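The next block holds one structure in the form of structure tokens; read it before the comments.
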């Protein structure tokens with residue numbers, strides 16, 4: 001059975017932001033599903049609709065077997081939500097945050113006290129339990145946020161950018177925690193992220209979102225398989241005549257997906273170390289002067305480039321130009 | 001409805017805990033009404049000498065005015081907390097929980113009602129110390145408390161509703177500041193009605209703040225005129241229902257815009 005089914009979701013924010021343009025996907029029960037994309041791609045809007053915060057202009061969605069439009073109250077009992085900005089109440093202690101959420105969910109007080117203790121222990125907040133959350137570190141706030149979302153033992157957990165803004169060590173700890181939740185507690189988890197490695201690490205299936213659409217869907221292995229090899233990133237000394245640079249590299253063995261944007265040339269090669277000399281030679285032969293060269297393993301940038309034809313940074317910049325305010329869509 | 005009330009008390013608990021942890025806030029909240037009472041009491045002391053002024057002690061006259069004014073000011077800032085919740089993502093988290101929508105506003109309004117009662121009791125105590133009398137007795141004082149709470153809840157709901165529409169602290173502050181003092185002065189808070197200009201008397205007849213003041217003052221100073229008190233209370237109940245309806249609409253409008 002599917003814990004989440006989205007079918008043709010569209011959402012438009014007046015005057016002219018088409019946040020979602022027909023998003024469909026399904027998430028089998030007990031799995032971790034990743035929505036991957038830059039800011040403004042429509043990840044947060046999708047989460048808002050699936051969690052009943054927002055309603056779609058058209059399309060339908062079922063979460064935990066309930067329709068998000070017609071059975072919103074039932075959906076709300078079945079889900080836990082960790083939004084992008086931590087929704088913990090800074091003036092309350094960690095424990096009080098948990099108690100408040102539990103009361104809203106109608107958990108009897110004796111049981112709720114036990115549940116709060118257990119979650120505080122589980123998320124390493126036992127010592128800080130009776131301090132106000134305002135003084136917590138970023139990682140602690142995020143852990144409390146997740147604990148609050150789990151207080152009523154939801155079936156489906158939504159994590160919107162769970163590790164954005166966290167230190168690398170804290171991020172690694174958060175990954176472990178998410179993996180544990182998925183494997184031991186049998187939760188269905190939908191997470192959004194703009195880190196490829198995060199989706200790679202955690203998700204069994206992922207969908208890449210761009211401009212309100214899902215451009216490709218599959219397991220991280222499958223997506224990476226299509227991206228075998230290394231990315232070559234060449235910084236040109238001066239803007240190239242696009243056609244010229246692209247054409248030149250066409251002749252070099254093993255070079256694919258050449259894209260030139262301004263002074264940046266990107267390409268994919270089977271093996272960076274062996275291909276680089278011939279790439280440089282070809283550019284030199286065409287008297288294109290090179291400022292720097294970098295070879296890297298596939299990143300979200302590359303997945304993005306491959307499926308959307310534009311660079312991730314470009315997409316983010318465009319998103320921030322498009323949205324009239326700073327809100328995430 | 002029962003669910004909204006139960007959830008409202010949970011949210012009120014949250015709001016009161018948050019206030020309890022702000023010593024400065026508590027200090028100011030307790031000091032302010034004392035300052036109002038002493039300051040205005042002194043400033044307008046000679047008002048009783050104006051021919052036609054009927055109450056012999058200005059403090060007796062002033063207490064209901066200052067209590068209602070304090071309730072009005074305090075409650076009208078209620079929307080600021082809502083904007084803070086919106087900015088911090090607390091509102092969104094609550095909206096995806098099974099919380100009754102009405103409790104989002106009800107919790108804040110109920111908190112403000114508790115604060116109003118505490119502040120009013122402090123002012124009544126202080127008034128007794130500085131020699132005020134309450135000829136209307138305990139019934140009169142209870143009516144005054146009820147009026148303060150009734151007006152406070154209406155204004156609080158209105159302020160929270162506006163906050164959900166406006167969503168910017170600066171704009172809400174500007175709007176509230178623009179109406180607070182005019183509404184206070186177009187009333188009988190400090191001056192007997194027939195001693196203020198005619199057009200202001202007319203305007204005051206349409207000012208809910210003044211309805212609460214007149215009902216309170218009648219109850220506290222004279223007791224008795226229950227018909228008049230009930231009529232004013234009835235008007236205030238209508239205002240409360242309208243404000244509540246507006247606040248619920250504002251919650252729905254906010255959610256549509258997310």
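We did not get these values from a lab; they are worked out from the coordinates using the rules stated. Note that the structure is a prediction, hence the values are computed from the model and not measured. No Cβ is skipped: glycine too gets one built from the backbone with ideal geometry, and neighbour counts run over all protein chains shown.
Structural remarks
- The Cα trace of chain B gives Rg and Dmax of 18.7, 62 Å, the first to one decimal, the second as a whole number.
- Amide N of region B:233-258 lying under 19 Å from the label point, which is placed 7 angstrom from the Cα of residue A:12 along Cα→Cβ: B:256-258
- Within a Gaussian network of chain A (alpha carbon springs, distance under 10 Å), most fluctuating of A:172, A:237, A:267: A:237
- With Cα atoms, 0 to 90° folded angle of helix B:137-166 axis to chain B main axis: 40
- Beta bridge orientation in the protein assembly as shown: antiparallel %, DSSP, nearest 5: 70
- Overall form of region B:126-240 per C-alpha gyration tensor (a/c, 1.5; a/b vs b/c): prolate
- Between 0 and 90°, nearest 10: helix B:23-43 axis offset from chain B longest Cα axis: 20
- Considered as an equivalent ellipsoid built on the Cα gyration tensor, region A:191-264 has semi-axes of 30, 15, 11 Å, the largest given first.
- P(r), alpha carbons of region A:1-103 - 5 Å bins starting at zero, rounded %: 2, 11, 20, 21, 18, 13, 9, 4, 1
- Each part reduced to its alpha carbon centroid, region A:250-272 and region A:181-225 end up 27 Å apart.
- Potential extension, residue B:133-residue B:241 segment - 0.36 nm per residue separation minus Cα distance: 35.5 nm
- Residue B:256-residue A:237 FRET efficiency (beta carbon distance; Förster radius 30 Å; 0.05 resolution): 0.05
- Evaluated at q = 0.14, 0.17, 0.26 Å⁻¹, a Debye calculation over the C-alpha positions of region A:125-191 (equal weights, vacuum) places log10 I(q)/I(0) at -0.43, -0.63, -1.29.
- Sorted fewest first by neighbouring Cβ atoms within 10 angstrom, B:184, A:263 come out as A:263, B:184.
- In chain B, the longest principal axis of the Cα atoms and the axis of helix B:58-76 are about 10 degrees apart.
- Global geometry of region A:80-231, whether rounded, prolate or oblate, following the gyration tensor of its Cα atoms and the 1.5 cut on a/c: prolate
- Note on chain B: helix-only mean residue ellipticity at 222 nm, from DSSP H runs of 4+ residues weighted -39500 (n - 2.57) and normalised by residue number, equals -26500 deg cm²/dmol.
- Choice from A:285, A:275, A:173 showing the highest fluctuation, given a GNM over chain A with Cα pairs closer than 10 Å: A:285
- In terms of its Cα atoms, region B:159-218 spans 40, 21, 16 Å along the principal axes, sorted from long to short.
- By the count of neighbouring beta-carbon atoms within 10 Å, fewest first, B:206, A:33 end up ordered B:206, A:33.
- Tensor-based shape of region B:173-258 (alpha-carbon gyration tensor, a/c under 1.5 rounded, otherwise prolate or oblate): oblate
- Computed label-point distance, nm, for sites residue A:286 and residue B:24 using a 7 Å Cα→Cβ extension: 6.3
- Ordered by the number of other Cβ atoms lying within 10 Å of each residue's own Cβ, fewest first, B:69, B:191 fall into the sequence B:191, B:69.
- Normalised size of chain A, defined as Cα radius of gyration per 2.2 N^0.38 Å with N residues, equals 1.14.
- Hull volume per residue, based on the alpha-carbon atoms of the protein assembly as shown and their convex hull, is 188 Å³.
- Its Cα gyration tensor gives region B:30-126 an equivalent ellipsoid. The semi-axes, each the square root of 5 times an eigenvalue, are 39, 11, 11 Å from largest down.
- 10 Å binning of all Cα-Cα separations within region B:1-53, expressed as whole percents from 0 upward: 20, 24, 21, 18, 15, 2
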